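The values are calculated or read from the model by the stated rules, or taken from the named source; none is laboratory data. In this text the structure is predicted, and so the values were computed from the model without any measurement. Please note: Cβ atoms are built from the backbone with ideal geometry, for glycine as well, and neighbour counts cover all protein chains shown. Note: areas computed on protein heavy atoms with side chains; ligands, DNA, RNA excluded. Shrake-Rupley method; radii C 1.70, N 1.55, O 1.52, S 1.80 Å.
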Amino acid sequence: MTPLLERYRDVLPLSASTPIVTLGEGSTPLIRAERLSAKLGVDLWLKWEGANPTGSFKDRGMAVAVSKALEDGARGVVCASTGNTAASAAAYAARAGLDAVIVHATGAVALGKLGQVRAVGARLMEVDGTFEDAFAASLELAEQEGYTVVNSTNPHRLEGQKTAAFEIVEELGGPPDVLVLPYGGGGNTTAYARGFDEAGGGLPRIVPVEAKQRGDTVASAIRIREPVHRATVEDAVARSGGRVVPVGEDELADAWRTLAHEEGVFCEPASAAGLAGLAHGVAGLGERVVCVVTGHGLKDPAAVELLGT
Ligand code: F0G
């Protein structure tokens, strides 16, 4: 299969001399959710981003960010993460032959993700505090070591992530009516809006779904108090006629179980946020909805015990 970065070379910040670091990211399945469509009265499609090489959508952006870091002569990369950016950065850095340092809040990262980071030889640094504290520490470290920050504040990350919107438009023949997706820092929402803008055909109503309990949600991937991309998320929501939907812990757990039971899609808890948001009347009867399912369930096997089946 053509690597993502070759497929979308024309719309990515790549030059002829950019070394392409790839693990086969992107081109993920868009699965029609037959049973849930019938149940909810909409035409529902799941963009299954757990099918990426490290099991999350982060790989799309990381392929671009690490390729660019290599081109720019970086010695290494650093990021703060709730786990998926970490797993992705670590893998792509290993692939590129770069050092990787991952900063995370103590006890805040699911077991599978820690395993992914350690397996490929990245260094883990714990911070006693929040994601925001970890992010501050990662900026400091980048400064000291001369490493490239590969959080979503690195513009190449969102450029890579926007390719998911292109894939959806190509596969459906146009944008859907509604896009529902989890909202942590808001980088992915920003990237999708940019992708739909650039693909032409207009924006779907964009519905980012956040945990009401942002700071201590069971959905550890989106345990972020202050979204760094809040302004661009609000702009995308306003321009598209969508809205931000906050959901409770029980709603997240229900949606997570429903995706698994009804459609056979085993994702991590944060990744079910989009489906949880759909219960809030954001789509009309028969409308076409794409729900972005962002990360694989194997990353967080403890959720099976914690949330029940
Ligand atoms: N879903 C999953 C599985 C995630 O890991 C994240 C973010 C999101 C949704 C939210 O995306 O932040 O762009 O709004 N994970 C980051 C990380 C914070 O460090 O892996 P967002």
Checklist line | Cross-chain or 6+ apart pairs with Cβ under 6 Å, the stretch 174-192 first and among the acidic types (D, E), then within 8 Å of the ligand (Cβ to nearest atom) | finding: none
Notebook entry, point to check: Among helices (runs of 4 or more DSSP H) lying entirely in the stretch 206-309, which contain 1 or more residues that are touching a strand residue (DSSP E or B) at 6+ places or on another chain (Cβ under 7 Å) and either within 10 Å of the ligand (Cβ to nearest atom) or not hydroxyl-bearing (S, T, Y) (or both)?
Noted result: 230-240, 249-263, 273-278
Margin query: Need pairs with beta-carbon distance below 8 Å; first residue without any contact (Cβ under 8 Å) to a residue 12 or more places away in the chain and more than 13 Å from G26 (Cβ to Cβ) and within the stretch 53-73, second open to solvent by 10 Å² or more (accessible area, probe 1.4 Å) and within 11 Å of the ligand (Cβ to nearest atom); sequence gap 6+ or separate chains.
Written below: none
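Could you please find all residues in the stretch 262-309 being of a type in the set (D, E, K, R) and farther than 18 Å from I31 by Cα? Steps first, please.
Step one: of the stretch 262-309, the residues of a type in the set (D, E, K, R) are 262-263, 268, 287-288, 299-300, 305.
The answer is K299, D300, E305.
Among the listed residues A105, A91, A69, which satisfies the condition of being surrounded by 23 or more Cβ atoms within 10 Å (Cβ to Cβ), within 26 Å of A219 (Cβ to Cβ) and of a type in the set (G, A, S)? Walk me through it before giving the result.
Values: A105 fails: surrounded by 23 or more Cβ atoms within 10 Å (Cβ to Cβ); A69 fails: within 26 Å of A219 (Cβ to Cβ).
The match here is A91.
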Notebook entry, point to check: Among the residues of the stretch 268-309 satisfying the criterion of being open to solvent by less than 10 Å² (accessible area, probe 1.4 Å) and in contact with a Ser or Thr (Cβ under 7 Å, 6 or more places away or on another chain), which is farthest from G55 (Cα to Cα)?
Noted result: A270
Check: Across the stretch 26-39, which residue is surrounded by the most Cβ atoms within 10 Å (Cβ to Cβ) among those that are in contact (Cβ under 8 Å) with a residue 40 or more places away in the chain and part of a loop (DSSP other than H, G, I, E, B)?
Finding: G26
Check: Are there any strands (runs of 3 or more DSSP E) wholly within the stretch 45-131 with 1 or more residues that are of a type in the set (G, A, S) and on the phi < 0 side of the Ramachandran plot, and if so which?
Finding: 76-80, 99-105
